[in-house]
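The values are calculated or read from the model by the stated rules, or taken from the named source; none is laboratory data. All values derive from a computational prediction rather than experimental measurement. Cβ: placed from backbone, ideal geometry, glycine included. Neighbour counts: every protein chain shown. Note: accessible area is taken over every heavy atom of the protein model, side chains too, but ligands, DNA and RNA are not part of it. Shrake-Rupley method; radii C 1.70, N 1.55, O 1.52, S 1.80 Å.
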Protein chains: 4
Amino acid sequence: MAILGENRYGKAEVRVVHVDRGRQPHAISDFNVSVSLAGDLRQTHLSGANDQVLPTDTQKNTVYAFAQRLGCVEPEVLALALARHFVEGRTSITRARVQVDSYGWTAIGPHSLVRSGGEIRTVTVVHDEQSGSWVLGGLRELTLLNTTDSEFWGFARDEYTTLADTTNRMLATSVEAQWRFRTADCDWAAAHQQARQALIGAFVDTYSYSLQQSLYAMGSRVLAEVPELCEVQLTLPNKHHFLVDLSPFGQPNDNEVYLAADRPYGLIEGQVLAEDAPPAGPAWS
Amino acid sequence: MAILGENRYGKAEVRVVHVDRGRQPHAISDFNVSVSLAGDLRQTHLSGANDQVLPTDTQKNTVYAFAQRLGCVEPEVLALALARHFVEGRTSITRARVQVDSYGWTAIGPHSLVRSGGEIRTVTVVHDEQSGSWVLGGLRELTLLNTTDSEFWGFARDEYTTLADTTNRMLATSVEAQWRFRTADCDWAAAHQQARQALIGAFVDTYSYSLQQSLYAMGSRVLAEVPELCEVQLTLPNKHHFLVDLSPFGQPNDNEVYLAADRPYGLIEGQVLAEDAPPAGPAWS
Amino acid sequence: MAILGENRYGKAEVRVVHVDRGRQPHAISDFNVSVSLAGDLRQTHLSGANDQVLPTDTQKNTVYAFAQRLGCVEPEVLALALARHFVEGRTSITRARVQVDSYGWTAIGPHSLVRSGGEIRTVTVVHDEQSGSWVLGGLRELTLLNTTDSEFWGFARDEYTTLADTTNRMLATSVEAQWRFRTADCDWAAAHQQARQALIGAFVDTYSYSLQQSLYAMGSRVLAEVPELCEVQLTLPNKHHFLVDLSPFGQPNDNEVYLAADRPYGLIEGQVLAEDAPPAGPAWS
Amino acid sequence: MAILGENRYGKAEVRVVHVDRGRQPHAISDFNVSVSLAGDLRQTHLSGANDQVLPTDTQKNTVYAFAQRLGCVEPEVLALALARHFVEGRTSITRARVQVDSYGWTAIGPHSLVRSGGEIRTVTVVHDEQSGSWVLGGLRELTLLNTTDSEFWGFARDEYTTLADTTNRMLATSVEAQWRFRTADCDWAAAHQQARQALIGAFVDTYSYSLQQSLYAMGSRVLAEVPELCEVQLTLPNKHHFLVDLSPFGQPNDNEVYLAADRPYGLIEGQVLAEDAPPAGPAWS
C-alpha cells in the first residue's frame, strides 16, 4: 500500500495589476502571485472527497480581492496578508506559501509608465500555523559584468584539465538572490533597495579570483548592510565570455572581442548566514 | 562576521550527442548534462584560493570523455559514472550531483532520425562519499488530457468562492515526475518505460474527482508496477480548459468548445511513498 | 504630413480546443488562431473614429462560434470559413488573413489523449475581396537528423576561412515549411500528410553535399508528390553538431561524440516552384 | 521539373561583445549579428557544388574580425561594413542582409556594467550590388502603459459583438518598430535616441480612441522629429488589462485592480510614410 507523503496545491501565476490614481504621477504595482496550501488534504488524494479543498479558483479570486482592499502595497504586505488569511481561515490548512514576482515600471508622464527592464523582484512568504510568518525577499535576472579585475588560476588539475590560467578575464553573471528576514514587519521597500545595492556594490568592488569569492562577498555585504536580514542564498551562473582567436586573420585581440556563450555555463550556488541567524524553520520549504 | 553555509558549483547544460554507428539503424543518445560538486570549498569563497576547485571547464571535458568511453548508454549509467568519478577522484569533493536530460529520437531510416517530441526523460544521480549513490529517474513535459470522467464538486467554500460544481470537465496536465530507485544497479531502460506507462495508465484509468486523486493514483501505480522504486514525486499543473459561453450568439455548447488557458493554473504537488521506503538520504538535495 | 501606408489589425492567438465526443475514441482539435483584417481603416488611425473597426474581441468570439458550428474540422476549413466571413460580412474589410497553428494529439484510451510532440502544423488562409481565397499549409519544429551521408567541401574560401573540408558530418535541422495550394478545396488532411512525408523522405534519401541541396530536394519532392501544391518555402537552420576533440585525453573520437551547439547556426532559406505555378497574389502577405 | 526560386543563406545569431578599455568608464557593445547572402547560388541547390558558397563559418569569423578592426562602433556601422564586404568581395553574391540586435548596458563603476533591461535596439542593413545600401533602425520590447486617457467606443458591431463601450481603459503595448533611413551616413546614435523618444512621447501625449490612433501618432512623430527617416513600420500588441469584477465579494473596483492577460491579444500593424519617401527598394526584403 502506498503512503501519501508531503503535498500541497494552489493557484500559480495570478497576474494582478493595481493602479494607484491617487498619486501623481499614477503608480502601478504589477505582480505575478502564486499560492500554495498544505495541511490535511488526505481525503482528496485518497478518495476524491473535496470538502477540505478550497478551490484554486477561489484562491485566485482572493488575490484580486485582497489587492483591491490593500491598495498599492509592497509585495511583502500582500503576500503576508494572503498567507495568513488562508491559514487562519481554514482549520484544514496549516501552512500557506505565497510567492510574488514584482515587475518594475518607471513613470514617464502623469499617467504613463515604461517597464524598467528584465530584473524581477521576488517575495516568498510562508505562514505556518505553529511557527508563524517567514519572509524571503530577493531578485532575479539582474545581469552584471566586470570587464576586468577578475582572475582565475591556481585551480586543481586532473587528466581532463585543459583550461589555462588567466589573470584577466571578463566576469558576468545573472544574479538570482533570496534573503531571509528576521522579522515580518519591516520597511520592505527600503530593505529591498539596500540589499540590491549591496549585491551590486560587492560585485563591482570585489577584485575576484573566483565567482565563488564574489558570491561570498555579495552575500556578506547584504547581511552587513541590511540588519533585518539573517541569510542570503545566491545562484550565480558564470556567463562565459571567451576571447576570440583572431590570429588566423593576422589580427590582434588584446582582451577586446569576445564570444558570449550560451551553454554550457558555470553555476555557482551558495548560502551566507549571519553568525546569529535563527533557524530557518519552514522558510525555504 | 558572515558564515559560509551550504554551497556547490559545477558546469550546467553540457550538450552531448553520442552516435552509435554499430547498430542498424544508427542510434543516438542526446543528453544535456549538468554537474554540481560540493565539499571543502571554503577557501575559494573566502580568499579566492582555488587549489580545491576543479574547473567547471574540466567538468565539461570529463562529460565528453566519459561519453566516448562509455558509448551509447542509458543516462543513468553516464550519470553514475560521472558522479562517482568526481567524488572518488578528489578528496575535497564529498558529494556530486549529475543531472541528465535525455531527448528522444525515432529512427526513420538506416542513419536518419526524427525528434520524438517535447517529452524529456530526466535522471539525477547524487553520489555521496559517505552514503554512496542515489538515483532518481523521471520525466517532464508529458502532456495528458481526459475529455471526460472528471468531476469537481463538494469542495470547501468561503466568501470568495464563485466556482460552480461540475460533474463533467476536461482534465489536462503536463506531467513532471521524479522517482527514487532503491538501487544503483537496474535495467534502467525497462524501469523508465514501466514507470512512464504506469503514470499514463493511471491517469487514463482514474475516474477523477480531483487532480490530487489522479496524482495519488499515478504515484501509487508507479510504485506497484516498478518494484525497484520506493518514492515518486509529482508536479501536475492543472491546464484549465474553460467551456466557452456561446449563448450570446444563440449557439449551444454541450462540452464541445473550450478555451485553453495559459495563466493562472492550478498546481498540484505530491509525494507517494512505498510503505517500506528507506530514508532518502541526500537523494533530493 | 505623414501618410498612412499598409495596415491591418486583428486578434492573435485565440486558443480553441474542440472535442468530438461522437467519435470513438474521442478526438480533439487543438488550435491557436490568429486573425488579421485589412481594408478601409484610415479613420481609426487618423481621428480615432472606430465605426469601421470590428473589435478584436468580436473576432475572438467569432473564432469560438465558428469552431462550434463547424465541429471538429481540418484547420484549413476553419480558416477559410473565418477569412471569408470577415471579408463578406463588412464592406470596409477587403482582405482577411487567418493563421492556425494545430497541435497534434494521439488517442491513448476511449477519452484520453497524449500530446504528440513539438511539431506544429500550420495553416494560413488569405481571403481577398478581389482575388478570392489563398491557402498555405505547412509545419514547423520538425527536427530531423542524418548521422552520415552528408559532406561539405569544395566551398569558396577567403582570408577569413578556417573551416576544413569534411566528407562525413552530421546533418540536423528543424524544418519550417510552408506550401501553397493551387486550390481552396482539397482533402486537407491527406495533402498535409503527403507533403510532410515528402519532406522527411527527401531529407532521409538525399546524399547531401550542402543543406541547400537537401532543401531543394525536399521542396521538389513535395511538389512532385502533392499535385495540389505549386510552391514550397523552406527555412532550415543548420543545427551544428561539432565533433569534440578528445585527443588531449588520449581518446579517439571517430565520428562518435558531438557537441550540439545552440548559437550561432547556419540558416538556409529557399523557395521551390512548380514550372506552371500561377502567381502567388496576396498569399504570402 | 521544379524551379528554384528566391533563396539566401547565412550565419544567424553570432554573439559578439566588444570591450572598449580606452574609455572611462569601460564601455561595451553587446551584439547578436545575423548575416544572410543571396546571389548566384543555383549550383549548391541543384548539384551540391559549393564553389560559390562562402561557408557560414567564414561569415561568423568575419563578424569577429570586423568587430575587432572597427572597434566599439554603432551597430549600423558594423552592419554596413559587413554587408558591403560580402557583396564587394564575391561576384556570386549580389545582396547581403546583416541584422544586429544590440543589448544596452549601463556603467556602474569604472569597469562594471549592468544590463539596462529588456528593450533591444535593432539594425538591418541590406546592401545590394545594384541599388547600394539600405538601413533600417528600430527597437523591440519597449513596454509602455497609459493608466488612462484611452477610450474605445463607437466601433462596428455584428452578431458576435459583446464588448461594451468604454471611456476609460488601460492601454499597454510592447513596441516593435523599424524605421527606414534616407541615407547610409548619419549620426546613428542620435537618430536612434530621437526616434525612440518620439515613439514614447507620442504614446504618452496621445489621448487615444484606438491603438491604431496611437500607432499613427507614434509613426508620424518619429518622421517629424527625425528628418533622416522616411518610413516607420510599427507592430503593437494590445496587452489587454481587464478590470476584475469584485462585485461577488461586495467590493468596488473603480479602475483599480486589473487582470493582465497573456493570450489572445489584439495586434495592430501599420506603416507611416513621409510624403516624399523614396521607394524602399530591397530595404525590407
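Quick check: the angle from helix A:56-70's long axis to the longest principal axis of chain A, C-alpha only, nearest 10 degrees?
Helix A:56-70 sits at roughly 80 degrees to that axis.
Once phi is turned into θ = phi - 60°, what whole-Hz ³J(HN,Hα) does the Karplus curve with 6.51, -1.76 and 1.60 give for every residue of region B:217-222, x standing for Gly and Pro?
4, 5, x, 5, 5, 4
Express the relative contact order of region B:57-125 as a whole percentage, based on alpha carbon pairs under 8 Å and six or more residues apart in sequence. Intermediate results must be reported in sequence, preceding the final value.
Details: 75 pairs, mean separation 19.5, N = 69.
The normalised contact order for region B:57-125 reaches 28 percent.
Once the label point is placed 7 Å from Cα along Cβ, list for A:Asp158 the distances to the corresponding points in the other copies, in nm, shortest first.
4.5, 5.3, 6.8
Top mean-square fluctuation among D:Gln193, D:Gln59, D:Gln251, Gaussian network model of chain D, C-alpha springs under 10 Å?
D:Gln251
Ignoring everything but the protein chains, give the 1.4 Å probe accessible area of D:Ile108 in square angstrom, nearest 10.
D:Ile108 exposes around 60 Å² with every protein chain in place.
Considering the alpha-carbon set of region B:115-164 alone, what are its Rg and its Dmax in angstrom?
Using the Cα atoms of region B:115-164, the pair Rg, Dmax is 20.5, 54 Å.
Rank A:Tyr265, A:Tyr216, A:Tyr160 by mean-square fluctuation in a GNM of chain A with C-alpha springs under 10 angstrom and give only the top-ranked residue.
Among A:Tyr265, A:Tyr216, A:Tyr160, the largest GNM mean-square fluctuation belongs to A:Tyr160.
Relative contact order for chain D: what percent, with Cα pairs under 8 Å and sequence separation of 6 or more?
13
For region C:1-91, what relative contact order do you get, as a whole percent, if you take Cα pairs closer than 8 Å and at least 6 residues apart?
Result for region C:1-91 is 29 percent.
For region C:235-254, list residues with backbone N below 12 Å from a point placed 7 Å from the Cα of B:Arg21 toward its Cβ?
C:253-254
Using the Cα atoms of the protein assembly as shown to build a convex hull, what is its mean projected area in square nanometres? Intermediate results must be reported in sequence, preceding the final value.
Numbers: hull surface 166.5 nm².
Answer in nm², one decimal: 41.6.
What net charge do the residues around B:Ala67 carry, taking every other residue with its C-beta under 13 Å from that of B:Ala67, with Lys and Arg at +1 and Asp and Glu at -1?
Spelling it out: positives minus negatives among the neighbours equals -1.
Students sometimes get this wrong: rank A:Leu82, D:Leu163 by accessible area, probe 1.4 Å, all chains present, largest first.
Accessible-area ranking of A:Leu82, D:Leu163, largest first: D:Leu163, A:Leu82.
With the label 7 angstrom out along Cα to Cβ, how close does C:Phe242 come to the same site in each of the other copies, in nm, nearest first?
0.4, 4.8, 4.8
Using a 1.4 Å probe and ignoring any ligands, DNA or RNA, find the accessible area of D:Lys239 and quote it in Å² to the nearest 10.
80
Which of C:Pro237, C:His45, C:Pro248 sits closest to the plus end of the dipole of chain C, meaning its Cα is farthest towards the positive end, when Lys and Arg get +1 and Asp and Glu get -1 on the C-beta?
Of the listed residues, the answer is C:His45.
In a solvent-free Debye calculation with one equal scatterer on each Cα, what is log10 I(q)/I(0) for region B:36-145 at q = 0.15, 0.18 Å⁻¹, listed in the order of the q values?
-0.75, -0.95
How many nanometers, to one decimal and shortest first, lie between the label point of B:Gly22 and those of its other copies, if labels sit 7 Å from Cα toward Cβ?
So the label point of B:Gly22 gives 5.6, 5.8, 7.6 nm to the other copies.
Can you name the chain C residue with its Cβ nearest the rotation axis from C to A, and give the distance in Å as a whole number?
Nearest Cβ to that rotation axis, in whole Å: C:Asp262, 2.
Just how much of C:His111 is accessible, in Å², when a 1.4 Å probe is used and the result is rounded to the nearest 10?
Roughly 30 Å² of C:His111 is accessible to a 1.4 Å probe.
Within 14 Å, Cβ to Cβ, of B:Thr148, how many net charges do the neighbouring residues add up to if Lys/Arg are +1 and Asp/Glu are -1? Numbers along the way, then the final one.
Numbers: positive: B:Arg169, C:Arg21, C:Arg23; negative: B:Asp149, B:Glu151, B:Asp205, B:Asp254, B:Glu256, C:Asp20.
Net charge around B:Thr148: -3.
Between region C:232-285 and region A:205-252, how many Å separate their Cα centres?
Result: 36 Å between the Cα centres.
Find the eigenvalues of the gyration tensor of the Cα atoms of region D:181-236, then list the square roots of 5 times those eigenvalues as equivalent ellipsoid semi-axes, largest first, in whole angstrom.
Taking √(5λ) for each Cα gyration eigenvalue gives 22, 11, 8 Å.
Go through A:Ile93, B:Ile3 and list them by solvent-accessible area, largest first, probe radius 1.4 Å.
From most exposed to least exposed: B:Ile3, A:Ile93.
Would you mind giving the mean number of other chain beta-carbons within 10 Å of the Cβ of each residue in C:238-247, as a whole number?
Mean partner-chain Cβ count within 10 Å for C:238-247: 3.
Could you work out the mean count of beta carbons from other protein chains within 10 Å of each residue's beta carbon in D:208-217? List each step's numbers first, then the result.
Working: counts 1, 6, 11, 5, 12, 8, 2, 5, 9, 4.
Per residue, the number of nearby Cβ atoms from other chains is 6 on average.
If r is the Cβ-Cβ distance from C:Ala184 to D:Glu159 and R0 is 22 Å, what FRET efficiency results, to the nearest 0.05? Please list the in-between numbers first.
Details: r = 25 Å, r/R0 = 1.13.
That gives a FRET efficiency of 0.35.
Quick one: among B:Ala96, B:Ala224, B:Ala79, which has the greatest mean-square fluctuation in a GNM of chain B with alpha-carbon springs under 10 angstrom?
Most flexible of the set in this elastic network: B:Ala224.
If I model region C:91-237 as equal point scatterers sitting on the Cα atoms and use the Debye formula, what is log10 I(q)/I(0) at q = 0.16 Å⁻¹?
-0.93
Considering the alpha-carbon set of chain A alone, what are its Rg and its Dmax in angstrom?
In Å, with Rg to one decimal and Dmax whole: 22.8, 76.
In a shell of Cβ-Cβ distance under 11 Å around B:Leu243, excluding B:Leu243 itself, what net charge do Lys and Arg (+1) and Asp and Glu (-1) give?
Computed value for this residue: -2.
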